[in-house]
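Input: a single structure, listed below in structure tokens.
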Number of protein chains: 2
Amino acid sequence: MDNLLTKIVALTKRRGFISPGSEIYGGLANSWDFGPLGVELKNNIKNLWWERFIHKRDDVVGLDSTIIMNSKVWEASGHVKGFIDILAECKDCHNRFRMIDELQNKNKCPQCKGQLIEPRQFNIMFKTNLGPVDGDIVYLRPETAQGMFVDFKNIIDTTCQTLPFGIAQVGKAFRNEITPGNFIFRLREFEMMEIEYFVREKDWKKYFEYWRKEILDWIKEIGIDVKKIHEAEIPEGERAHYSKRTIDFEYEFPFGQKELYGLAYRTDFDLKKHEEVSGKNLKYKDSETGEEFWPHVIEPTWGVERSVLAVLCESYHEDKERVVLRLKPRLAPFKAAVFPLLANKPKLVELARKIYENLRQEIFVAWDDRGNIGKRYYSQDEIGTPWTVTIDFESLKNDDVTVRWRDSMAQIRVDIEKLPETLKKLLNNEIEFNKAGRLIKVSLK
Amino acid sequence: MDNLLTKIVALTKRRGFISPGSEIYGGLANSWDFGPLGVELKNNIKNLWWERFIHKRDDVVGLDSTIIMNSKVWEASGHVKGFIDILAECKDCHNRFRMIDELQNKNKCPQCKGQLIEPRQFNIMFKTNLGPVDGDIVYLRPETAQGMFVDFKNIIDTTCQTLPFGIAQVGKAFRNEITPGNFIFRLREFEMMEIEYFVREKDWKKYFEYWRKEILDWIKEIGIDVKKIHEAEIPEGERAHYSKRTIDFEYEFPFGQKELYGLAYRTDFDLKKHEEVSGKNLKYKDSETGEEFWPHVIEPTWGVERSVLAVLCESYHEDKERVVLRLKPRLAPFKAAVFPLLANKPKLVELARKIYENLRQEIFVAWDDRGNIGKRYYSQDEIGTPWTVTIDFESLKNDDVTVRWRDSMAQIRVDIEKLPETLKKLLNNEIEFNKAGRLIKVSLK
């Protein structure tokens, strides 16, 4: 199965999705850059998320708070004291490991079986200094959530939201992990999509269930087989200090079943703590009863890079002849590619170019006129482009083109005039076409 | 004029666009958070930029490289040595200032006229340590550009791009400024939109001119009056170490004429340096002539928060009765708002709610049923919502609604069935409506 990861690393490097960060300098501790196609795939996931959870809903508003916050935020949240990890180091080979129970029991280096140095605690927040010369210590946020708590009152005051409602944020977070790894799975610099959903205490179970279902629906929407998702109830003692209940949504990654998304019941811990430390009233006031209280919080969290990785694992397929990324069209970097059948026939190229320029104003499309048409198809299949448009000699006579669907390789003829509209309907999942080459309406589930 | 800034700070705080970062803890050194409406405005600017410069063009590809890179990147780029500022401190009041020529000549504290301590140099890159306990020093990137140079070869190898072509990135950068300020104008943590455009040396003047024009066209597209833009040619000695020509595009901000965007000719400085330090071949090979060389670079740079600020300044208008943000519809947070004429008439509310829910699946819309209709109009005008849709008693009989245009306050009746399509056409600038309440096609310029 690890074979699949090797193939994905190679494909994404070769086709400009993902490559090692600072590669010309030998990389940097498992950091990865998203190239021309990778940034599109990642943006498509983030945009779909924003559209689904903020734009299409009534009860969740967006936020973009800073990465560097006042350090009192992290004192109040418990991160300065409690966001620690335990480092084990081998006396002999000097390799470093994250101290986990198993390692503690054996007390031997897993690499060379050498003796371990007395384990050391350290905080996994990145520290830096704000201001010139002898500036104050500040931290790079290890989670986006605290922005939502710190700005809670501002948002209450400037929107018409009443309980239950959520605040959502997409942004970078940083964790000084001892052993980052597994491609883009565990990174020191990563992106999160997070919602803090504020509810009345009595309703927490109801909304925990509600967001559990929302996470599963999202997983389906991005094309992941829910049979490969396993919900792991995190027992007390292993949960974060603020959580009274946590479920990890684990996906069958090629390197094992690991956390993809998380859902936590944070209680009223954070708002209460911030009120205590800041002295500012962070209570919610019920406009009908006049009652004031700290709302309780349900927190669904999505890792952006983990979403990308799971989507890549799930969509990678090998046929006899080709590799195809069966990405949901909405997530595919290019929505279509345009080919002139032959690159040395000026009339074909001219018409194809016109169609391409025209389409490009509406959807993100690729152009390819290299080699033979079969190779071009496979080249687009490999990067997940849903539809390819070929301009041939018939096109010059009949003003129509061939449109091919990536997954079934079925083809239809479409009038040039109707091409942008047809592609948009295909993309919006209003129509699809069958093996017989006919456009059909998509049946509603 | 500074009055305008005060008004914008107040409006954006009151309506949930922008508020001080970590505010409950007394803020943090001029950091600002983007609230529910601010994040929408900012995203709309970033998305418009990406669509315009990456999706609609052939010759620019996207990238998302990490904020923390191998420190050799910053040694090669000259930032470790050269990205310094000079700090002056008053012996008496201990206020700190950025040492500029004027201050140097006077050698007096501008606040208390006290004596200045011997000025100190310091690097304005933020430093942190990677890895647990005694990790290596790394920097938070002070510009996004180096990602494009470090990944140059990867991008050449994975795309079909030939010269001239560009690599574009949107992302955070960090500068440990001595005196951040003027609201969101000078921040320590900020976002940039940047293109490195690679050309043959002989063509640099041509493409410098080309991108000069592109920047001006962008400025018009986001609704800024180009009469308030002043191009400042930066003389030698004041330019960055890598630049042979730089133009600042200055905008008449309320606090003075200051840099909004920049355009620099970086020569082949960066690629050459990275090749020298990394030992990796970063030359471009001409596929026809076989010639190998370092391309030269034209770099247009857009500040995201400065774009937001200029757009806010430009669109802020006061009438006798109302404040209106004349945002380009494409940039407005909400595209429309839906009102039932009276909140206590269930039939009106029910129909309005249906229209609202339906619209919300297509565009980002607000709902308001508080107070009287006039107040609701003004409330939407103040946040720049282009169109408001009112459902009244006529609507129940005739299946139509009133649509009002923010700027002229003109109103038309639109069939409910045609509402989503009409709003989308208005938004895409295909139609508009005149004072007489008629829909007309927009004349092409």
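The values are calculated or read from the model by the stated rules, or taken from the named source; none is laboratory data. Fair warning: this is a prediction, and the values are worked out from it, not measured in the lab. As a convention, Cβ positions derive from the backbone with ideal geometry for all residues, glycine included, and neighbour counts pool all protein chains shown.
Structure above, values below:
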read-out: In segment A:367-376, the residues that are within 14 Å of chain B (Cβ to nearest Cβ) and either assigned to a loop (DSSP other than H, G, I, E, B) or on the phi > 0 side of the Ramachandran plot (or both); value: A:368, A:369, A:370, A:371
read-out: Odd one out for residue B:360, checked against (1) closer than 21 Å to residue B:332 by Cα; (2) surrounded by 18 or more Cβ atoms within 10 Å (Cβ to Cβ); (3) more than 10 Å from chain A (Cβ to nearest Cβ); (4) not aliphatic (A, V, I, L, M); value: (3)
read-out: Candidates B:91, B:127, filtered to the one that is more than 30 Å from residue A:189 (Cα to Cα) and at pLDDT 85 or above; value: B:91
read-out: Subset of segment B:346-394 (residues that are in contact with a strand residue (DSSP E or B) (Cβ under 7 Å, 6 or more places away or on another chain) and polar (S, T, N, Q)); value: B:380, B:385, B:388, B:390
read-out: Elements of type strands (runs of 3 or more DSSP E) in segment B:1-115, at least 2 residues being surrounded by fewer than 19 Cβ atoms within 10 Å (Cβ to Cβ) and within 12 Å of another protein chain (Cβ to nearest Cβ); value: B:84-90, B:96-98
read-out: Count of segment B:193-220 residues which are surrounded by fewer than 20 Cβ atoms within 10 Å (Cβ to Cβ) and in contact with a helix residue (DSSP H, G or I) (Cβ under 7 Å, 6 or more places away or on another chain); value: 2
read-out: Unmet requirement for residue A:141, which otherwise passes all of (1) buried (at least 17 other Cβ atoms within 10 Å of the Cβ); (2) within 26 Å of residue A:256 (Cβ to Cβ); value: (2)
read-out: Residues within segment B:144-162 that are crowded, with 18+ Cβ neighbours inside 10 Å and either in contact with a Pro (Cβ under 9 Å, 6 or more places away or on another chain) or more than 28 Å from residue B:187 (Cα to Cα) (or both), tallied; value: 7
read-out: Any hit, segment A:250-258, residues being over 18 Å from the mean Cα position of the chain (by Cα) and without any contact (Cβ under 8 Å) to a residue 40 or more places away in the chain; value: yes
read-out: Whichever residue in segment A:400-445 is surrounded by fewer than 16 Cβ atoms within 10 Å (Cβ to Cβ) and among the small types (Gly, Ala, Ser) and, among such residues, is modelled with the highest pLDDT; value: A:408
read-out: Unique match (being of a type in the set (S, T, N, Q) and either touching a Gly at 6+ places or on another chain (Cβ under 8 Å) or under 24 Å from residue A:16 (Cβ atoms) (or both)) among A:379, A:408, A:395; value: A:379
read-out: Tally, over segment A:227-240, of residues that are over 29 Å from residue A:84 (Cα atoms) and surrounded by 12 or more Cβ atoms within 10 Å (Cβ to Cβ); value: 1
read-out: Filtered residue count, segment B:102-126, keeping only those that are under 21 Å from residue B:175 (Cα atoms) and out of contact with any Leu (no Cβ under 8 Å at 6 or more places or on another chain); value: 2
read-out: Strands (runs of 3 or more DSSP E) wholly inside segment B:252-350 that include at least 2 residues being surrounded by 20 or more Cβ atoms within 10 Å (Cβ to Cβ) and either of a type in the set (Val, Ile, Thr) or in contact with a Lys or Arg (Cβ under 8 Å, 6 or more places away or on another chain) (or both); value: B:256-267, B:296-303, B:336-340
read-out: Qualifying residue in segment B:149-156 (condition: β-branched (Val, Ile, Thr) and under 17 Å from residue A:28 (Cβ atoms)); value: yes
read-out: Residue pairs meeting the criteria (Cβ under 7 Å; at least 6 apart or on separate chains; first farther than 13 Å from residue A:329 by Cβ, in segment A:363-391; second surrounded by fewer than 23 Cβ atoms within 10 Å (Cβ to Cβ) and among the acidic types (Asp, Glu)); value: A:376/A:368; A:379/A:368
read-out: Flag if residue B:397 is out of contact with any strand residue (DSSP E or B) (no Cβ under 6 Å at 6 or more places or on another chain) and either assigned to a helix (DSSP H, G or I) or at pLDDT below 95 (or both); value: yes
read-out: Some residue of segment A:377-392 being outside any strand (DSSP E or B) and farther than 26 Å from residue A:7 by Cα; value: yes
read-out: Of the criteria (1) within 28 Å of the chain's Cα centre (by Cα); (2) away from every other protein chain (no Cβ under 14 Å); (3) hydrophobic (A, V, I, L, M, F, W, C), which one residue A:351 fails; value: (1)
read-out: Unique match (being more than 21 Å from residue A:223 (Cα to Cα) and crowded, with 16+ Cβ neighbours inside 10 Å) among A:376, A:370; value: A:376
read-out: Residue count for segment A:123-138, restricted to those that are among the hydrophobic types (A, V, I, L, M, F, W, C) and surrounded by fewer than 15 Cβ atoms within 10 Å (Cβ to Cβ); value: 2
read-out: Test: residue A:324 is β-branched (Val, Ile, Thr), in contact with an Asp or Glu (Cβ under 8 Å, 6 or more places away or on another chain) and under 30 Å from residue A:403 (Cβ atoms); value: yes
read-out: Filter result (over 21 Å from residue B:265 (Cα atoms), in contact with a Ser or Thr (Cβ under 9 Å, 6 or more places away or on another chain) and more than 11 Å from chain A (Cβ to nearest Cβ)) within segment B:139-183; value: B:183
read-out: Selection status of residue A:118, more than 30 Å from the chain's Cα centre (by Cα), within 10 Å of another protein chain (Cβ to nearest Cβ) and in a strand (DSSP E or B); value: no
read-out: Qualifying residue in segment A:82-89 (condition: within 27 Å of residue A:334 (Cα to Cα) and not aliphatic (A, V, I, L, M)); value: no
read-out: Among residues of segment A:30-47, those that are polar (S, T, N, Q) and touching a residue at least 12 places away in the same chain (Cβ under 8 Å), counted; value: 3
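Residues are listed down the side, and each one gets a yes or a no for (1) among the hydrophobic types (A, V, I, L, M, F, W, C); (2) closer than 13 Å to residue A:310 by Cβ; (3) without any contact (Cβ under 8 Å) to a residue 40 or more places away in the chain:
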site	(1), (2), (3)
A:190	yes, no, no
A:199	yes, no, no
A:205	no, no, yes
A:213	no, no, yes
A:219	yes, yes, no
A:224	yes, yes, no
A:233	no, no, yes
